[in-house]
1. Pop a pseudo-label 7 angstrom from the Cα along the beta-carbon direction at both ARG80 and SER35 and give the gap in nm to one decimal.
2. If the only charges are +1 at each Lys and Arg Cβ and -1 at each Asp and Glu Cβ, what is the size of the charge dipole of the chain around the Cα centre, to the nearest 20 debye?
3. Starting from 0.36 nm per residue, how many nanometres of slack lie between ARG64 and MET1 once their C-alpha separation is accounted for?
4. Which ordering of GLU206, GLU178, GLU74 is given by a fewest-first count of other beta-carbon atoms within 10 Å?
5. If I take R0 = 51 Å and measure r between the Cβ atoms of ARG97 and LYS357 in this structure, what FRET efficiency does the formula 1/(1 + (r/R0)^6) give, to the nearest 0.05?
6. How many lysine pairs does segment 124-226 hold where the Cα atoms are under 25 Å apart and the two sit 8 or more places apart or on different chains?
7. Name the aspartates and glutamates eligible as straight-distance cross-link partners of LYS356: C-alpha to C-alpha under 13 Å, and not fewer than 8 places from it in the same chain.
8. Counting C-alpha atoms alone, how compact is the chain: give Rg to one decimal and Dmax as a whole number, in angstrom.
Amino acid sequence: MKKITVRCGRGRYSILIGKYLLDRMGSLLRLQGFSGKVMIVTQGPVAKFHLGAAQKSLRKGKYRFCVHEIMNGEEGKSGREFFRLSHALVENDFERRDLILALGGGVVGDLAGFAAASYLRGIRFVNAGTTLLAQVDSSIGGKTGINLPQGKNLVGAFYPPSLVVSDISVLATLSDREYHSSLGEVVKYGMIRDKALFSLLAKEPERVMRRDPVILEKMVMASSRIKADVVSRDEYETKGERMILNFGHTFGHAFEQALDYRKLMHGEAVAAGMVAASEMAVTLRLFSPTERDRLVSLLGNFHLPTSLSGFGLSLPRVMNAMMRDKKKKAGKLRFVLPVKIGKVVVQENIPKDILKKTIQKIIRG
Ligand SMILES: NC(=O)c1ccc[n+]([C@@H]2O[C@H](COP(=O)([O-])OP(=O)(O)OC[C@H]3O[C@@H](n4cnc5c(N)ncnc54)[C@H](O)[C@@H]3O)[C@@H](O)[C@H]2O)c1
Ligand SMILES: [Zn+2]
């Protein structure tokens, strides 16, 4: 088992990474000195495969626990589910010394984390992410929240977990599409900060695709280290340091939105977004076409989209989506652009014709 420490305003917390950690959950919680009851928050597909292991281990650790299942999919992050979980906490007499254990992907983690932040003004929260996205991204950094009918993540809080447990063995049961999509985020970490991670992915595509545990652990470790480092420096997203985590996301969000969040998974949109950002950087002579081609071929190996021709996207639709996003972010359209594999810069004031040309290239192929 490996450990990464994340510094935060409230102190620090550990990320534990390794195989079969759910089977050791009871003793891991004891080691952290947690007493009290545990509310396991989970979702159908995760529960089917992994709830048993967590329950068995909590029983062995002599913990009292309850299980609360939320709706599957993004609907699990609704106000209704938030109150349903809060009611379950009251009904089961949860007190400040008790804890919530999220067992699921980003949806479960965001909802359970927000409930932990607000119930009795804050109870302890352990995040056991079960998707690759949760392990490399959403379980680290303390962002929690729920969706409103008007938009995603409109209500939430920065609330650091007390512990993050990333059991790489659970990734074996993810659907292929879910797994491939999250690889987009792993490639992102390679592009922004870690040439060695990028090279590992490029050298071992076959082992990555068959979810070799050694490779999984390396990917989760390397990605978590970067995310932990970035969020430690900019916990509340006020210093601009978290910005580099948005590589591929300015374009990616616009593609997702322009397709009504139906045709592309988040990581797939980010993959196309990273290609777009690289094209833009090549046009601006910041990035070499050879390195752009390396990125495109790596994403292709992981069955991720590198062009969106055939998706029926139009330039005005993508531009509108981007401008809506810009309004939300205080009127500035910023792009995280690669200068070489492992290093990015943030650029503003990109000429509109270059932006349009970049989008055209991606949507027309
Ligand atoms: N808090 C943050 O910093 C942050 C960062 C990025 C994304 N997010 C949020 O994360 C959410 C997306 O998370 P996600 O991509 O993990 O999707 P998800 O949580 O919806 O999980 C995807 C599907 O996989 C199932 N699943 C989870 N683990 C499984 C396993 N081991 N085996 C089989 N099935 C499993 C889930 O039940 C679900 O059906 C979004 O709501 C997004 O806003 C939050
Ligand atoms: Zn993302």
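No lab work stands behind these numbers, since they all come straight from the coordinates. Predicted, not measured: the structure shown is a model, and the values here were computed from it. Reconstructed Cβ throughout: ideal geometry from the backbone, glycine too, with neighbour counts over all protein chains shown.
1. About 4.0 nm separates the two model spin labels.
2. Approximately 680 debye in magnitude.
3. Gain on extension, ARG64 to MET1, equals 20.1 nm.
4. If I rank by nearby Cβ atoms, fewest first, I get GLU206, GLU74, GLU178.
5. The calculated FRET efficiency here is 0.30.
6. So the count of such lysine pairs works out to 9.
7. Within reach: GLU279.
8. 20.3, 64
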